[in-house]
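Since every read-out is calculated from the coordinates, none of them should be taken as a lab result. Values in this document were obtained by computation on a predicted structure and should not be read as measured data. Reconstructed Cβ throughout: ideal geometry from the backbone, glycine too, with neighbour counts over all protein chains shown.
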Amino acid sequence: MLIVLLGLFFPTWTPHINGEQSISTLEQVEINGTGHEIMIRGIDSSNPILIFVHGGPACSEIPYVRKYQKDLEKQFTIVHYDQRGSGKSYHFFEDYSNLTTDLLAEDLLSLTDYILERFNQEKVLLIGHSFGTYIGMKAIDKSPEKYYGYIGIGQVADVVQSELDSLEFTLEQAKQEGNSDDIEKLLLLQPLIEKGEVRTPRNLVRKYGGAARLIDDNTDYLTGFLFNPEYNGLDVIRYLRGIHVTQEALLNEGVKHNITEIVNQVDLPIFFVMGKFDYMTSVNAAKNYYGSMEAPVKEFVIFEESAHYPQFEEKEKFTLWLNKTFNELQNGAAEF
């Protein structure tokens, strides 16, 4: 019983970073009327700030993301946060029945204001991943002045188009491998996918390499939950509960309210970063969205060896690209 209690309730933290100006904090902060868990890490707290918006919905990356950002911490102060109703920001007696992406975007803007004031900076660089790009696009549409630019990794676009691309890819892979059960399942789902009523089964997208190629993100979560100090047992329960309570409604909102029709013009530089083999949010759908976007600077970037997680699967290349891109943004002399 004592071991169980310790596993559930041990105090959580994020490991220290050496350096007189370093920062490594994991704390609960009230943002926009509710508690948000925020992890901030960097070798020099005066460095430029990155805010990462996790996807899912409700899939925090705090449990394992340190594994992939050590080099980035040398150049940036990196902020991860668990969104309202997600992970350590899920509160058992809070009502999430009216949770929307508009509210999550407002939370992000309020968090940005908090970070700018705390670190006495004028702007941050915003990075969204997967469903976090839906929230990020809404935030930059409303308040572009807060951000140097926006990077959408695994950019959400027309969801139905993306799911049809995922279906085509998964079905073709199943046929090549002669997996008749998978073929039958996908063909039965095809009419529902075409109507936007269901998604291509994520277990099959993963099975055929459309989610990750160079990492195992499910194993990353498992080892993070078990061995990293950022989450205890109770936090894992919060994480799972947040997915159960909030994910379906937010995904349905993304289908019913196409982001390509909500945000198609922004007043800041934007970058869509895609893994070549991404079929969680398809490259084809993201490219079509990119083509319709109006922005003062825009760039579509393909990472050739990865799928839905190029920032992790090809972390060295991503770090080099991000440093170069941010320097060009700051200098204001880039020709993209």
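The figures follow:
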item: Stokes-Einstein D for the chain, Kirkwood Rh over Cα pairs, 20 °C, 1.002 mPa s (µm²/s); result: 105 µm²/s
item: Phi-based couplings in Hz for segment 187-193 (Karplus 6.51, -1.76, 1.60; Gly and Pro marked x); result: 5, 5, 7, 3, x, 6, 5
item: Prolate/oblate/rounded label for segment 1-111 (Cα gyration tensor, a/c 1.5); result: oblate
item: Spin-label pair Glu253/Leu320, simplified geometry with 7 Å Cα→Cβ offset, distance in nm; result: 3.9 nm
item: In segment 138-210, GluC sites (Glu not before Pro) in a DSSP loop with at most 16 other beta-carbon atoms within 10 Å; result: Glu197
item: Residue order, fewest to most surrounding Cβ atoms within 10 angstrom, among Asp278, Asp220, Asp267; result: Asp267, Asp220, Asp278
item: Restricting segment 1-84 to trypsin sites (Lys or Arg not before Pro) in coil, as DSSP defines it, with at most 14 other Cβ within 10 Å; result: Lys70
item: Ascending count of other beta-carbon atoms within 10 Å, so fewest first, for Val198, Val156; result: Val198, Val156
item: Full-stretch length increase - Ser97, Glu197 - with 0.36 nm per residue and alpha-carbon distance subtracted; result: 33.9 nm
item: Qualifying GluC sites (Glu not before Pro) for segment 236-336 [loop in DSSP, other Cβ within 10 Å: at most 11]; result: Glu304, Glu335
item: Cα gyration tensor shape of segment 1-44, rounded if a/c is under 1.5, else prolate or oblate by comparing a/b with b/c; result: oblate
item: Which of Ala212, Leu2, Ser130, positive extreme of dipole for the chain (C-beta unit charges); result: Leu2
item: Charge dipole (debye, nearest 20) of the chain; +1 at Cβ of Lys and Arg, -1 at Cβ of Asp and Glu; result: 420 debye
item: 13 Å beta-carbon shell around Leu103, net charge (K/R +1, D/E -1); result: -3
item: Whole-number percent relative contact order across segment 276-336, with pairs defined as alpha carbons under 8 Å at least 6 apart; result: 34 percent
item: Shape of segment 158-260, Cα gyration tensor, a/c cut at 1.5; result: oblate
item: Gained length - Gln121 relative to Ser22, 0.36 nm times residue gap less alpha-carbon distance; result: 34.0 nm
item: Relative contact order (percent, whole number), the chain, Cα cutoff 8 Å, 6+ residue spacing; result: 20 percent
item: Residue exposure sequence - Leu251, Leu99, Leu108 - by fewest surrounding Cβ within 10 Å; result: Leu251, Leu99, Leu108
